[in-house]
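No value in this document is a laboratory result; all are computed from the given coordinates. Because the structure is a prediction, the values reported are computed rather than measured. Here the Cβ positions follow ideal geometry from the backbone for every residue, glycine too, while neighbour counts run over all protein chains shown.
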Amino acid sequence: MAGKLYKANKRGAGRHVQLPEWLQSTEAWATLKPGPRALYVELKRRYNGSNNGRIFLSHRDAAKALHVHRNTVGPWFDELEGRGFIRLTKGPHLGPSGVGKASVWALDEEKTPDMKPALKRFMSWTEKQNPRTKNRTPRHSQCGTSQKLQAKTGKAVLKIVT
């Protein structure tokens, strides 16, 4: 037998990014806008199974990968970090030779290489609701200005519509 024909096309199929159902069913993911979702997928693409906590991605590289301006991705990183999907393990800085070093990120759904468990802070995230104030005065049932003038003066007000 020369070879298995059913495996001929399976070599070199490439890697894939897995987004588990339990992650997608959280409120933090459901209310996330498309831009931060795309950024999370890009961060997850750079995760190889053993480099969590050492995922390098600068704002410029993320902007180039997502085809947006570099100032656009900054708030996306902040939103992902605020909701608990990612955390910054090492901030951007200048290296000893004056060359800039990119930010280093960790995914909160995966454990880190030093065997610390996954934090999964996004599971407990809830959207903050703005409570309505109760000290508002109710609107009058008759709030037309012509009725107010008629009540004050006792005369009918003529409206001319052109």
Starting with the fewest neighbours, write out H59, H69 ranked by other beta-carbon atoms found within 10 Å of each beta-carbon. H69, H59
How would D108, D78, D61 line up from fewest to most surrounding beta-carbon atoms within 10 angstrom? D78, D61, D108
May I ask for the net charge around L119, where only other residues with Cβ less than 11 Å from the Cβ of L119 are counted and Lys, Arg are +1 while Asp, Glu are -1? +2
Count the net charge of all other residues whose Cβ sits under 12 Å from the Cβ of K64, scoring Lys and Arg as +1 and Asp and Glu as -1. 0
Would you mind giving the average projected area, over all directions, of the Cα convex hull of the range 18-124 in nm² with one decimal? 7.1 nm²
Give, as ranges by residue number, the residues of the range 46-72 whose backbone N falls under 20 Å from the point 7 Å along Cα→Cβ of A118. 46-56
Which of the pairs K44/K101; K33/K128; K90/K111; K33/K111 have their Cα atoms more than 23 Å apart in this structure? K33/K111
Sorting I55, I160 on the 10 Å Cβ count, fewest up front, what's the list? I160, I55
With labels modelled as points extended 7 Å from the Cα through the Cβ direction, what inter-label distance (nm, one decimal) is found for L88 paired with Q24? 3.1 nm
